[in-house]
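Please read the structure below before turning to the comments.
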Amino acid sequence: MYLSEKDIQRLKSFRPGIRTNKVLYYLLETKVLGYWSFLEPKHKGIELADILVWWEDVVLLLEAKTREKPEKASEAWIRTQLNEAVVQVNEKAKMLRNGGVAELRNKWRGVVKWDPGVVKHYYSIIVLNCFSDSCDPREIATEAFKASDIPIQVFSLFDLAELLRFINTIWDFIIYYELREMYSRRYKVSLHEEFQTYQGILSCWEELSPKDAQQEQDFQVAISNAILRSKLADEKGYSLLAASYLLDLAIGSLERRADSDKTGKIVGSPKHEQFVSSIGAIAELSRHRRSGYGKKWVEAAKQSAENGKSCYKFCYSPSRRRSYILCSFETKEYSRDIIMIKLTQEHMKEYKTTSCLCLAATTNTILSTYEMFLSWTKGKGSSEPPDIEILDTLVLFTEKSL
């Protein structure tokens, strides 16, 4: 999360409770992606959540509780806040399920029609912003958690911010939530000790998630060591992390606010919705998959640099029936849009896929940006290269109806 001096001064002007919501939104907007995060959405004047995150068939309701006094929070204070928050998130989940809510709105999407029919899972996170002793929230408010109709996890604000260093795609965030829910049924999960919980989940990843568990565990351990720059970090971990950041930057270079109406109110448009679909096709990728596709992109760029010609790498996901194309264009290649369309059509026809995500950039920007990220992950980078050397992303996302 990056906050400018102006952002910090603005946050200081709010009451502590409101400030917590704003900081929480900054965290999720940056890491989880703002297109699917809604700050304090309301229905008929009733707040649906402090933060609501809606991704495909999952809704996350985040409820924040702030200790406004500087002294340590007692167990009684924590119990009161947890009891209150559990009731609140269950009531709000019920409102959303019942279909009375018509729409949601944020600056990135504009107006989004609410459709409870597509939501299969309602999850909640209670965020406590307080100074206290370490404790297991489930032991403090046992009856409240037992009575809840939806799964609830509890984090401190600081712990959530720390976790987002390691788990920072919408896909990984939801998977981690589900693994943490299973883990918390077997082991104590303590407030202010999320890193220990994260390590515990990593150590029994295979037990909690048998599907591709070893590969996922190895990848997460490798990038975690790289993020921490621990003694166990190696070149492979740094390169995996750096390659994945290429797709993060691709998202960042594409994102923009929804269109406004004549009054200046952000409402969105059909054209913008198509744009959001393109963003979503990248955003849905886990850190592991971003790393894999980023690596393919770098391979294409290295081949292009060696032979002086544009190069392309192709992948596809059978489960999604989606093609992925990573293009590295030679600088003097001026027919990029036409080539991307042709490659997309050919690959979808060959593999019988129903959608395709094609990402493209010039060879020099792919390589210079990757080297920048690789240097930064190792703690060696001190400045950004010139704009002309930063990834200049083009995206083409195509879907066809069945």
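Computed quantities for the displayed model
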read-out: Every residue from the stretch 341-371 that is aliphatic (A, V, I, L, M) and either surrounded by 23 or more Cβ atoms within 10 Å (Cβ to Cβ) or not assigned by the TED database to the domain that holds Ser317 (or both); value: Leu357, Leu359, Ala360, Ala361, Ile366
read-out: Single residue of the stretch 345-402 satisfying the filter (among the small types (Gly, Ala, Ser) and in a strand (DSSP E or B)) that is farthest from Gln274 (Cα to Cα); value: Ala361
read-out: Given (1) more than 19 Å from Arg290 (Cβ to Cβ); (2) of a type outside the set (Gly, Ala, Ser); (3) within 23 Å of the chain's Cα centre (by Cα), number of the condition Lys262 does not satisfy; value: (3)
read-out: Residue in the stretch 261-276 that is in contact with a Leu (Cβ under 7 Å, 6 or more places away or on another chain) and either under 30 Å from Met372 (Cβ atoms) or not hydrophobic (A, V, I, L, M, F, W, C) (or both) present; value: no
read-out: Some residue of the stretch 267-287 being under 22 Å from Leu343 (Cβ atoms), surrounded by fewer than 16 Cβ atoms within 10 Å (Cβ to Cβ) and not assigned by the TED database to the domain that holds Lys31; value: yes
read-out: Within the stretch 114-128, tally of residues that are in a loop (DSSP other than H, G, I, E, B) and open to solvent by less than 50 Å² (accessible area, probe 1.4 Å); value: 2
read-out: Qualifying residue in the stretch 25-34 (condition: touching a helix residue (DSSP H, G or I) at 6+ places or on another chain (Cβ under 8 Å), more than 26 Å from Ala141 (Cβ to Cβ) and of a type in the set (Ser, Thr, Tyr)); value: yes
read-out: Residues that are touching a residue at least 60 places away in the same chain (Cβ under 8 Å), open to solvent by 20 Å² or more (accessible area, probe 1.4 Å) and either hydroxyl-bearing (Ser, Thr, Tyr) or not in a helix (DSSP H, G or I) (or both), drawn from the stretch 169-212; value: His192
read-out: Residue check, Gly252 open to solvent by 20 Å² or more (accessible area, probe 1.4 Å), small (Gly, Ala, Ser) and either assigned by the TED database to the domain that holds Lys296 or assigned to a helix (DSSP H, G or I) (or both); value: yes
read-out: Filtered residue count, the stretch 129-147, keeping only those that are in contact with a strand residue (DSSP E or B) (Cβ under 6 Å, 6 or more places away or on another chain) and in a helix (DSSP H, G or I); value: 1
read-out: Sole exception among (1) touching a strand residue (DSSP E or B) at 6+ places or on another chain (Cβ under 9 Å); (2) closer than 25 Å to Val23 by Cβ for Val119, by number; value: (2)
read-out: Pairs, first closer than 17 Å to Arg79 by Cβ in the stretch 145-158, second hydroxyl-bearing (Ser, Thr, Tyr) and open to solvent by less than 10 Å² (accessible area, probe 1.4 Å), C-beta under 6 Å, six or more apart; value: Ile152/Ser124
read-out: Filter result for the condition that a residue is outside the structural domain of Ile279 (by the TED database), touching a residue at least 60 places away in the same chain (Cβ under 8 Å) and either in contact with a Cys (Cβ under 8 Å, 6 or more places away or on another chain) or part of a helix (DSSP H, G or I) (or both), over Ala222, Ala161; value: Ala161
read-out: Conditions (1) more than 18 Å from the chain's Cα centre (by Cα); (2) at positive phi; number of the one not met by Ala64; value: (2)
read-out: Matching option when the condition is open to solvent by 70 Å² or more (accessible area, probe 1.4 Å), of a type in the set (D, E, K, R) and either closer than 22 Å to Asp392 by Cβ or assigned to a helix (DSSP H, G or I) (or both), among Lys295, Lys313, Lys231; value: Lys295
read-out: Subset of the stretch 318-333 that is over 10 Å from Cys356 (Cα atoms) and polar (S, T, N, Q) - its residue that is surrounded by the most Cβ atoms within 10 Å (Cβ to Cβ); value: Ser328
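The values are calculated or read from the model by the stated rules, or taken from the named source; none is laboratory data. Everything numeric in this text was worked out from a predicted model, so none of it was measured. Positions of Cβ are backbone-derived with ideal geometry, glycine not excepted, and every protein chain shown enters the neighbour counts. Quick note on the areas: whole protein, heavy atoms, side chains included, nothing else; ligands and nucleic acids left out. Shrake-Rupley method; radii C 1.70, N 1.55, O 1.52, S 1.80 Å.
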